[in-house]
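Structure first, commentary second.
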Amino acid sequence: MRFFGLALAASAFVLGACGGGDNAATTDDTTSTAAAAEAPAAGAAAATGTATAAPVTGEVHEVKMLGDAQGYRFEPAELTVKPGDGVKFIMVSGGPHNVSFTNVPDAAKAQLQANIPNPQGDLTTAYVTNPNEEFTISFANVPAGTYNYTCVPHSAMNMHGVITVQQ
């Protein structure tokens, strides 16, 4: 009986991790921005306040999402961006991966939520499961500060990162 309980729990976890919906890769920032513009109806109401998705107006930085013999990680794990920059997360190996921001100041929640393409909850992206799948998060109109994030399925394995938005 214990085996069936463990099997049921494992199945629920796997199905939950795979339930990210349509995760088609986007390589065009216009497409990502359009997806982000549609996203607030699904998730911005849960975050404090309301905001409209703001397009990337600066540089786009890349962060790789990895899970391999060296462990689960974001590369680079720490990144400093300017207001208006975007961060493109690219699934390389060991998925599924996502990004979930934690400890976000109330003043930043609505705008960050609006800038997340296809959000799957408060300040959380959809899962990417295949190599080269990607999504871009705009930091336009997001207040200066430090934004901690994690990959939900691999958080216990220290898959964490920090984005610092300069003034």
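Work out, step by step, the length gained on full extension between THR164 and SER93: first 0.36 nm times the residue separation, then minus their alpha carbon distance; give nm to one decimal.
Fully extending the segment from THR164 to SER93 adds 23.1 nm.
Which ³J(HN,Hα) values, rounded to whole Hz and listed in residue order, are derived for region 156-167 from phi using the Karplus coefficients 6.51, -1.76 and 1.60 in 6.51 cos²θ - 1.76 cosθ + 1.60 with θ = phi - 60°, glycine and proline given as x?
Values, residue by residue: 5, 9, 6, 8, 10, x, 9, 10, 9, 9, 6, 7 Hz.
Going by average Cβ neighbours within 10 Å, how do the peptides 84-95, 58-69 rank, with the highest at the top?
The peptides rank, most packed first, as 84-95, 58-69.
Give me the net charge for the shell around GLY58: Cβ to Cβ below 11 angstrom, other residues only, Lys and Arg +1, Asp and Glu -1.
Charge balance near GLY58 sits at -1.
Given H placed on each backbone N at 1.01 Å, which residues far from TYR127 in sequence or on other chains put an amide H within less than 5 Å of it?
GLY20
Kindly write out, for region 72-89 in residue order, the coupling ³J(HN,Hα) from the Karplus curve 6.51 cos²θ - 1.76 cosθ + 1.60 (θ = phi - 60°), rounded to whole Hz, with x marking Gly and Pro.
For region 72-89, the Karplus-derived couplings read 9, 6, 9, 10, x, 7, 10, 9, 10, 10, 9, x, x, 6, x, 10, 9, 9 Hz, x marking Gly and Pro.
Multiplying the sequence separation of GLN70 and ALA107 by 0.36 nm and subtracting their Cα-Cα distance, what value in nm do you get? Don't skip to the answer; put the middle values down first.
Numbers: separation 37, 0.36 × 37 = 13.32 nm, distance 3.66 nm.
9.7 nm is the gain from fully extending GLN70 to ALA107.
Laboratory data are not the source of any read-out in this text; all were calculated from the coordinates shown. Keep in mind that what you see is a predicted model, and the values were worked out from it rather than measured. As a convention, Cβ positions derive from the backbone with ideal geometry for all residues, glycine included, and neighbour counts pool all protein chains shown.
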